[in-house]
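Colleague: There's a structure below that I have some questions on.
Every read-out reported here was derived from the displayed coordinates using simple, explicitly stated rules and does not represent laboratory data. From a predicted model like this one, the values you see are computed outputs, not experimental measurements. Note that we place each Cβ from the backbone using ideal geometry, even for glycine, and neighbour counts take in every protein chain shown.
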Amino acid sequence: MATAAEAMPQPMVIPRGPQETVQQAAAACIRAFQAGVRRQRVELLLPLVGATDLDDWPGGIRQQFKAAQPMVEELLRELKKEPGLEGPLSARIIEDGDAVAAWEGRSLAAVLFPTGETLKEVRKVADARKDGLVLIINPQWNNGNVVSDLGFLPWQRKANEELVAGFREAYILKQLRMNSDDVRLLYSFPSPWQINLSRPNDPTKSECVAQREQRPSYKELEALMRGVDWSMSSKPLGERLQYEAAFLRKSLDSNSSQQPPQ
């Protein structure tokens, strides 16, 4: 009989930059498409562009768009290699203020940074490609108030919730900082969710500490981090504060010398 450890698949490698992220995301989206998933949700970890000492994204969503646009376009170029998804794409801005954009072709389309207010456009894009592949990339209701973002009126909210639920997660890569721990959450269809933790004494080393069949909640991740004996979450508060202060000093020194992040 196989043990639980033997039953776990080999952990995936965490991408080291935008190019590797796009390649991993494209492979996941194609696997999902071949499995019949025509509506996909993708969350890309964006490279920091123009970060300051006080704010990773001083330019807000427009600055994030500058980081995301080349990744999205490269992802779409990779997807167009799949039989049935070929053809030219046209780009347009759906909502300038929120940097919501769409790329549309005969059988392939993507909407970047969709918001609750632009779900009507998302529906049009999806309905026009019943048998094609439609992606929503880094949706903006993820970190906000989902109820208000998707509409206050019950019938409006229900229709929007059904639309959003129809987009199945195909690729997710998120970075979280929890109690001074640097955590990566990775999902690549159809593998389990993977939680990686960077070694506090060597942040370049990221280790898979758990895999889950369902997306873990923030509280579940916190509990998991506390259970890793070498994590900062498992350390006393005083030790965590000292580590965080050293981390902030190092970050400020790195930004002031304009060195790229490690």
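Colleague: Looking at this model, which pairs from K124/K219; K81/K205; K219/K250; K66/K235 are more than 30 angstrom apart at the alpha-carbon?
Modeller: The answer is K124/K219; K81/K205; K66/K235.
Colleague: Using a 7 Å offset from the Cα along the Cα-to-Cβ direction at both L237 and R16, what is the distance between the two label points in nm, to one decimal?
Modeller: Simple spin-label model gives 4.0 nm for this pair.
Colleague: If you add up the charges near N179, with Lys and Arg at +1 and Asp and Glu at -1, over every other residue whose beta carbon is less than 12 angstrom from its beta carbon, what do you get? Before the final figure, lay out each step's value.
Modeller: Numbers: positive: R177, R226, K235, R240; negative: D181, D182, E222, E239, E244.
Spelling it out: positives minus negatives among the neighbours equals -1.
Colleague: Can you give the Rg/Rh ratio of the range 156-234, where Rg is from the C-alpha atoms and Rh is the Kirkwood radius? Walk me through the numbers on the way to the answer.
Modeller: Values: Rg = 14.8 Å, Rh = 13.8 Å.
Using Cα coordinates only, the ratio equals 1.08.
Colleague: I'm checking a number: the convex hull volume of the Cα atoms of the range 4-235, normalised per residue, in Å³. What is it?
Modeller: Values: hull volume 33.7 nm³, N = 232.
Once divided by residue count, the hull of the range 4-235 is 145 Å³.
Colleague: The range 1-138: D in µm²/s via Stokes-Einstein (Kirkwood Rh, Cα pairs, 10 °C, 1.306 mPa s)? Can you show the working numbers first?
Modeller: Working: Rh = 16.3 Å.
The calculation lands on 98 µm²/s.
Colleague: Then there's this: How would Y218, Y171 line up from fewest to most surrounding beta-carbon atoms within 10 angstrom?
Modeller: Working: Y218 9, Y171 26.
Arranged by neighbour count, lowest to highest, Y218, Y171 become Y218, Y171.
Colleague: Next up: Based on the mean of other Cβ atoms within 10 Å per residue, sort peptides 110-120, 85-95 so the most packed one is first.
Modeller: On the way: 110-120: 21.9, 85-95: 13.5.
Result, highest mean Cβ count within 10 Å first: 110-120, 85-95.
Colleague: Between D56 and E207, how many nm apart are label points set 7 Å from Cα along the C-beta direction?
Modeller: It is 2.4 nm.
Colleague: What ranking do R240, R106 get, fewest neighbouring Cβ atoms within 10 angstrom at the top?
Modeller: Working: R240 18, R106 14.
Lowest to highest Cβ neighbour count: R106, R240.
Colleague: Would you kindly work out the equivalent ellipsoid of the range 65-125 from its C-alpha gyration tensor and give its semi-axes, the square roots of five times the eigenvalues, largest first in whole Å?
Modeller: Working: eigenvalues 85, 38, 13 Å².
Value: 21, 14, 8 Å, ordered largest first.
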